1. Tell me, please, whether a residue that is more than 23 Å from GLN355 (Cα to Cα), among the acidic types (Asp, Glu) and under 24 Å from the mean Cα position of the chain (by Cα) can be found in segment 268-284.
2. Considering GLY25, GLY53, which residue is modelled with pLDDT under 95, within 21 Å of the chain's Cα centre (by Cα) and either more than 21 Å from HIS360 (Cβ to Cβ) or aliphatic (A, V, I, L, M) (or both)?
3. Please note which strands (runs of 3 or more DSSP E) are completely contained in segment 1-107 and include at least 2 residues that are open to solvent by 10 Å² or more (accessible area, probe 1.4 Å) and among the charged types (D, E, K, R).
4. Residues in segment 246-296 that are part of a loop (DSSP other than H, G, I, E, B), touching a strand residue (DSSP E or B) at 6+ places or on another chain (Cβ under 6 Å) and either charged (D, E, K, R) or open to solvent by 80 Å² or more (accessible area, probe 1.4 Å) (or both): how many?
5. Take residues that are crowded, with 20+ Cβ neighbours inside 10 Å, at pLDDT 95 or above and of a type in the set (A, V, I, L, M) and tell me which of the helices (runs of 4 or more DSSP H) falling wholly in segment 305-403 contain 3 or more.
Amino acid sequence: MPGPDTDFKSLLVIGHQWPEPGATGAGVRMLWLLNGFLQKGFHIVFASASGSGDYRVDLGKLGIKEVEIQINDSSFDVFLQKNEFSHVLFDRFLTEEQFGWRVRDNLPGAQVLLDTEDLHSLRHSREDAVRRGGEWSVADWVADPMFYREVASMFRSDLTLIISKREMELLLSEVPYLQEKLIYLPFGMHQSALIPGVNFQGRSNFVFIGNGKHAPNRDAIAHLKTEIWPRIRQKLPDAVLQVYGAYLPTQTLQMDAPAEGFEVKGWAPELQPVLSNARLLLAPLRFGAGIKGKILKASVFGLPVMGTTIGFEGIIDEPRDLPFVADCAEHFAQKAVTLYTNAVEWERALAFQRQATEVHLNTSFDILSSALDTYAKRRDVLPKETRVIQNLLQNEAFGRLRYLSRWIEAKEKGKN
């Protein structure tokens, strides 16, 4: 079986879901990664156990083979035994939990990569804090059971891709032995060139964009509807907010109220006309993690964003107290009105945001390529403690996942 130190380059990507770059930021990120691997000469197979989404991209057109797999089924072992892969990339820690032990059993020489997309445990702990009505703290994150599952997945993997500098800092402050296993790889987008767009005077309306399957987006839309938009309309009675997003749930669609200037539009096949003509994007995200694709997209098309500290986390080092950042509904609405009506403040915000997002729009895949090429060297310098934790999680904690999966498989077969 070829290993990571040979010239053989074949990548198996195991996706939590099929990429939907027209509907999700995660889909944009994944497509960028796939194109990067293709440019480096990798043969790619993309496998997923999820159902086909409405906006799934045809990977076959890129020369990527698509394979449907099953969870808790030994047919996946057979698939691995019939194929040779030098590298395996897990899309989110959940897929590593489900399939990682089978990969290591059948492809012991393969280099295992984990793309976190965002830290799910971080997002989950912040969501809990919002629901409790309390302030979030790092202690909440570390106390979240998902924290240990996600960190364990990172230790089991050879390299983990982190999309946000802030998340790198948080991880290393709590788990310093992960240092040699983490690679900071900014968002990455296909459209790196900034588009001049329409000027302040030529634009009108507020806009929100976000996938309805993503809990932070659903919460942000509800927060807009009940707390923020009424305050904006008090100051701007003729203003209109248009909400766009794939998979918006019924509860969100029922918020449509054109008489109040709150219009729920649904999925937009092309974002350029939406973002090139709106005057301000509202992103009152109260929880979340990673890098927000909506902010990067808005920057590309010359549209400033009124957001929260969570929204700009990982993009701006110290987002608090900026003219386009606020966390309470009252201040958010006040600043949004100022940006919408003041051309000078609008231009300043756009210039600041474009400079801040540049690193994510111009990310080079060579960062990851270089890390892959020097993997053997990185592996050799792992601290003793890191190796011990890695071996422990691969040999002991892995047993739980292995036998649980075997038990489920046997149980399902017993029904048939």
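1. Taking every residue of segment 268-284 in turn, at least one turns out to be more than 23 Å from GLN355 (Cα to Cα), among the acidic types (Asp, Glu) and under 24 Å from the mean Cα position of the chain (by Cα).
2. Of GLY25, GLY53, the one residue that is modelled with pLDDT under 95, within 21 Å of the chain's Cα centre (by Cα) and either more than 21 Å from HIS360 (Cβ to Cβ) or aliphatic (A, V, I, L, M) (or both) is GLY53.
3. The qualifying strands (runs of 3 or more DSSP E) are 65-68.
4. Result for segment 246-296: 1.
5. Result: 329-341.
The values are calculated or read from the model by the stated rules, or taken from the named source; none is laboratory data. This is a predicted model, so every value here is computed, not measured. Neighbour counts run over all protein chains shown; Cβ positions are idealised from the backbone, glycine included. Side chains included, ligands, DNA and RNA excluded: accessible areas come from the protein's heavy atoms. Shrake-Rupley method; radii C 1.70, N 1.55, O 1.52, S 1.80 Å.
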